[in-house]
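The values are calculated or read from the model by the stated rules, or taken from the named source; none is laboratory data. As the structure is a prediction and not an experimental result, all values here were calculated from the model. With ideal geometry, Cβ positions are generated from the backbone for all residues, glycine too; neighbour counts draw on all protein chains shown.
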Amino acid sequence: MNFVRGLPVGGTARLGWLLAVCTSFTLTHAQVVLQPSGGIVRVQNTDMAVMEAGEPRQDLPCQVTQDKPFLGFDLRFHSGFDVVVPLRELAGNENLLTILFRVVPEADKDKPVYLIQRIRVPAIEEDAKGDAYLQGAFDIGEGKYHVDWLMRDRAERVCSSSWDVEASLPPKDKTMTVMIRPNTVEAVRMEQFENEPAVDRDPNQPLLSVKVLLNFAPQKATASTLRPLDTLALVSMLRTLSRDPRIGKFSLVAFNLNEQKMLYRLENADSINFKALGESVKGVSPGTIELRHLAEKNSQTGFLADLIAKEFAPAYRPDAMIFAGPKAMLDQNVPDDKLKLIGEIDYPVFYMNYIVNPQATPWRDAIGNAVKFLKGTEFTISRPRDLWFAVTEMVNRIVKFRNGKAVASVSGK
């Protein structure tokens, strides 16, 4: 019996977003925060006694290892734990594992947060060999925290542990905005396409208008599915842009270059409809190419050329055009003579190129070559800090460019 341990994040950390086990184990519900009733969180007396004692218990043999907090592309600190349980300890008809833990901010010890998860265990033979691997996770803001953790089975056997964690941005990244307030604990957000809350924008200031051309594709061109890691990074690019108070209008074109398919379009809107985007990308099958495209030589290059020509053509001009997505290594780049037909562009062009391991593919891709021809700027995004500083620099440049145009226009009168 094999159990899933996790997925890589940014090539280094693992996604500990679920108490993830193989499909033979059933999660009765997602990991949730226990909400107080009448100002009090209701926890069994025996469980509370174990937590208050703060001493390790091994009635139910298990090994617990904490995960060091890391900052995800969603600009939230993710922390968690790994649990190893010998299968022989779960032998029998069926079992129910209840994992309960509380996370206490050091700066606000009177406000602990309790989280719970229940896992149904199938029948396991008495002589079963090997181990079961479980994971759990929670999100935190910057600060120091203490964790009291326990796992209980139906026989009321308990395994318990406790540890301290600290989440902190390095000094060079202190200008970044973490999306959870300091000394705050939250459950992990599993839904990647939730709409953003309204952004407080200054109505007395001229707001920017941007158009994003998003290649919604997996990190590996040969992949047959979009992994959560892929979608998280791509959606986070849009979220980081949408949160900038200087941007007031958004146009979005989502496409899949490998499939040569348009997925979603949004025109000159006040905000990005992430839920609608999520629905539109459900049917993406990166490893599938229509037969008619296979018969066409360099059909992907043709698709990209047509896309660029169409999106740069409208009379409505945004303050910036932004490409985003993973590297698109095609057999042929878009020919220069096709790009020349676009004519003079009076706004900046950018490319946020998402690649987990830049050293593995250091060459410029087809979109990057087109952006270079259009005298645009390319940013390599492999870590959350890359995304934050790329968006900050982009928006600063867009503001500067627009202000420069305004001054030139006044001077020319």
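Whenever a residue of region 30-45 is hydrophobic (A, V, I, L, M, F, W, C), its partners that are exposed (fewer than 12 other Cβ atoms within 10 Å of the Cβ) and in a loop (DSSP other than H, G, I, E, B), lying with C-beta atoms within less than 7 angstrom and at least six residues away or across chains, give the pairs A30/M190. Being buried (at least 18 other Cβ atoms within 10 Å of the Cβ), free of Cβ contacts under 8 Å to residues at least 60 places away in the same chain and touching a Phe, Trp or Tyr at 6+ places or on another chain (Cβ under 9 Å), is that true of even one residue in region 389-406? Checked against the condition, which is being buried (at least 18 other Cβ atoms within 10 Å of the Cβ), free of Cβ contacts under 8 Å to residues at least 60 places away in the same chain and touching a Phe, Trp or Tyr at 6+ places or on another chain (Cβ under 9 Å), region 389-406 yields at least one hit.
Among the conditions (1) part of a strand (DSSP E or B); (2) under 21 Å from A223 (Cβ atoms), the only one that E267 does not satisfy is (2). Among the residues of region 166-186, those identified as outside any loop (DSSP other than H, G, I, E, B) and under 23 Å from Q35 (Cα atoms) are V185, E186.
Where in region 105-153 are the strands (runs of 3 or more DSSP E), entirely inside, with at least 1 residues that are modelled with pLDDT under 90 and out of contact with any strand residue (DSSP E or B) (no Cβ under 7 Å at 6 or more places or on another chain)? Step through it out loud before you land on a result.
Numbers: elements: 113-121, 131-140, 143-152.
So the answer is none; nothing clears 1.
Restricting L257, L252 to residues that are assigned by TED's automatic domain parsing to the domain that holds T392 and either within 19 Å of the chain's Cα centre (by Cα) or closer than 16 Å to V235 by Cα (or both) narrows the list to L252. Within region 368-402, if we keep just the residues that are basic (K, R) and part of a loop (DSSP other than H, G, I, E, B), the residue that is farthest from the chain's Cα centre (by Cα) turns out to be K375.
Q219: under 30 Å from V147 (Cα atoms), touching a helix residue (DSSP H, G or I) at 6+ places or on another chain (Cβ under 6 Å) and part of a loop (DSSP other than H, G, I, E, B), yes or no?
Working: under 30 Å from V147 (Cα atoms): no; touching a helix residue (DSSP H, G or I) at 6+ places or on another chain (Cβ under 6 Å): yes; part of a loop (DSSP other than H, G, I, E, B): yes.
Considered against the rule, which asks whether it is under 30 Å from V147 (Cα atoms), touching a helix residue (DSSP H, G or I) at 6+ places or on another chain (Cβ under 6 Å) and part of a loop (DSSP other than H, G, I, E, B), Q219 comes out as no.
Taking the conditions (1) out of contact with any strand residue (DSSP E or B) (no Cβ under 8 Å at 6 or more places or on another chain); (2) of a type in the set (A, V, I, L, M); (3) modelled with pLDDT of 95 or more in turn, I40 satisfies each one other than (3).
Taking region 303-333 as the search range and keeping residues that are within 22 Å of V391 (Cα to Cα) and basic (K, R), which one is surrounded by the fewest Cβ atoms within 10 Å (Cβ to Cβ)? Taking the candidates together, the pick is R317.
One residue alone among F73, F101 is assigned to a loop (DSSP other than H, G, I, E, B), within 27 Å of the chain's Cα centre (by Cα) and at negative phi, and that residue is F73.
Among residues belonging to region 294-328 that are more than 29 Å from the chain's Cα centre (by Cα) and among the acidic types (D, E), point out the one that is modelled with the lowest pLDDT. So the residue we want is E296.
Taken over region 222-264, the residue count meeting the criterion of being in contact with a Phe, Trp or Tyr (Cβ under 8 Å, 6 or more places away or on another chain) and in a loop (DSSP other than H, G, I, E, B) is 3.
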